[in-house]
């Protein structure tokens, strides 16, 4: 099974984080469906030519965020509930990210409109055309 | 946790030159350690002493619990080593050497024998001496992996390999490491391979082991900070607590590479921009020879 993840060693971002981000973006783009089985740690490590512990770390991260579910002896699956987190938790997580983004971007000298425009353009890259227009 | 490799006060002198200088090092089982350092830093000499291939001038070293210099054959059979130069007997045929290995190593993976020809593209009927440099290297790596060792030691495994062979090596190393009891040490100059394969990094410079840490620790703790030069002048002593690896003071802005950003007081960081460093820059900052870059 090949889920076509793209990683870039030496980019400064740890590989396990790159893998987790890639799985998330593959999910958003519809390349991964809810309930779909993910490659085993061994398979993915071999495919990408990386240390298996790095894949374990990426899967742990995704499991903590409830995007991935492990079934004993069967492997890892993309979570199927629409909202894997409780409503309060979702709110909290997005708030925390928005908070960090606001701080960092303001510190780097971005204005409020510029920050929103950056976010908008990232959203457009991830969502199919129709949804981002509405 | 078992230790697969250990050295205490290990030294090697050639005349008045000290190639390896008091190295204390312990590698836990299950580690995939990249050994890095500029040319002539002492990496190969260190590996050869650990393997008992060259005598030590002072100190001691052990491999899988046994003294390196008097390594019993049973222990030797659990370790595979690929040197930078070819050490295979040139007068033997590839197939003969393969059969020889089959009898020598208890964990020999007979199912991998066909890969030597199909994947590694080494012709079985040639004599080792007739193989190209790249073929010899691929053959040596394939033999080492087929031994299914507990400890695999590779000196510059990527050198002399083309892109496809390097990818195959990375894939097979990933497979090798899927058993958490196996350990790997590899010296290399190819930084992207380090990031792919290494769980730990050891850095040598001028014979000394200057760092041995989990890769993640290096990536998270070494940061490049940029700030107004005025701020740098005010807070210099605070930044020094984190060990400065590199410093560039400009008229307006100052950039400093800090070894351990978690040791800095919080207020020192408040008005600085903080960047993560690509591994390549981390290693350059850690070795003293880096001034020439």
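Every read-out reported here was derived from the displayed coordinates using simple, explicitly stated rules and does not represent laboratory data. Keep in mind that this is a model prediction, so the values were computed, not measured. Don't worry about glycine lacking a Cβ; one is built from the backbone with ideal geometry, like all the others, and counts go over all protein chains shown.
Mind ordering A:44-51, A:55-62 by average Cβ neighbours within 10 Å, highest first? Write down the numbers at each step before the final one.
Working: A:44-51: 23.1, A:55-62: 20.8.
So the peptides A:44-51, A:55-62, ranked by packing, come out A:44-51, A:55-62.
Between residue B:121 and residue B:233, the FRET efficiency from the beta-carbon distance, with R0 = 60 Å, is close to 0.50. I need the shape label for chain A. Rule: rounded when a/c is under 1.5, else prolate if a/b > b/c, else oblate, with a, b, c from the alpha carbon gyration tensor. Judged from the Cα gyration tensor, chain A comes out prolate (a/c at least 1.5, a/b above b/c). Per residue of B:195-202, other chain Cβ atoms within 10 Å of the residue Cβ number 4 on average. Remark: B:204, B:227 ranked as B:227, B:204, counting other beta-carbon atoms within 10 Å and listing the fewest first.
One chain, two ends: residue B:132 and residue B:175. Fully extended at 0.36 nm per residue, the span grows by 12.8 nm beyond their Cα-Cα distance.
Here the residues B:4, B:249, B:20, ranked from fewest to most Cβ neighbours within 10 Å of their Cβ, fall in the order B:249, B:4, B:20. Spatially, the stretch B:197-231 and the stretch B:84-114 are offset by 39 Å when compared through their Cα centroids. Among beta bridges identified by DSSP and lying wholly in the protein assembly as shown, the antiparallel ones come to about 70 percent. Cβ crowding within 10 Å ranks B:74, B:60, B:115, B:156 as B:74, B:60, B:115, B:156, fewest other Cβ atoms first.
Look at the alpha carbon pairs under 8 Å that are at least 6 residues apart: their mean separation over the length of chain B gives a relative contact order of 19 percent. The mean number of partner chain beta-carbon atoms within 10 angstrom of a residue's beta-carbon across peptide A:103-110 is 1. Across the stretch B:110-170, the relative contact order, built from alpha-carbon pairs under 8 Å that are at least six residues apart, equals 34 percent.
A crude spin-label estimate for the pair residue A:96 and residue A:126, with each label 7 Å from Cα along the Cβ direction, gives 1.6 nm.
Taking the helices alone, chain B has a mean residue ellipticity at 222 nm of -9000 deg cm²/dmol, built from -39,500 (n - 2.57) per DSSP H run of at least 4 residues and averaged over all its residues.
Given axes a ≥ b ≥ c from the Cα gyration tensor, I'd like to know whether the protein assembly as shown is rounded (a/c under 1.5), prolate (a/b larger than b/c) or oblate. It would help to have the intermediate numbers written out before the result.
Working: a/c = 2.31, a/b = 1.34, b/c = 1.73.
Oblate shape, in that a/c is at least 1.5 and b/c is the bigger or equal ratio.
Mean separation of Cα pairs under 8 Å and 6 or more residues apart, divided by the residue count, gives the stretch A:15-78 a relative contact order of 40 percent. Across peptide A:38-51, the average count of Cβ atoms from other chains found within 10 Å of a residue's Cβ is 5. Under 1.5 on a/c is rounded, so check that first for the stretch A:87-129, then, if it is not, pick prolate when a/b is larger than b/c and oblate when it is not; a ≥ b ≥ c are the square roots of the alpha carbon gyration tensor eigenvalues. Taking the square roots of the gyration eigenvalues as a ≥ b ≥ c, the stretch A:87-129 is oblate.
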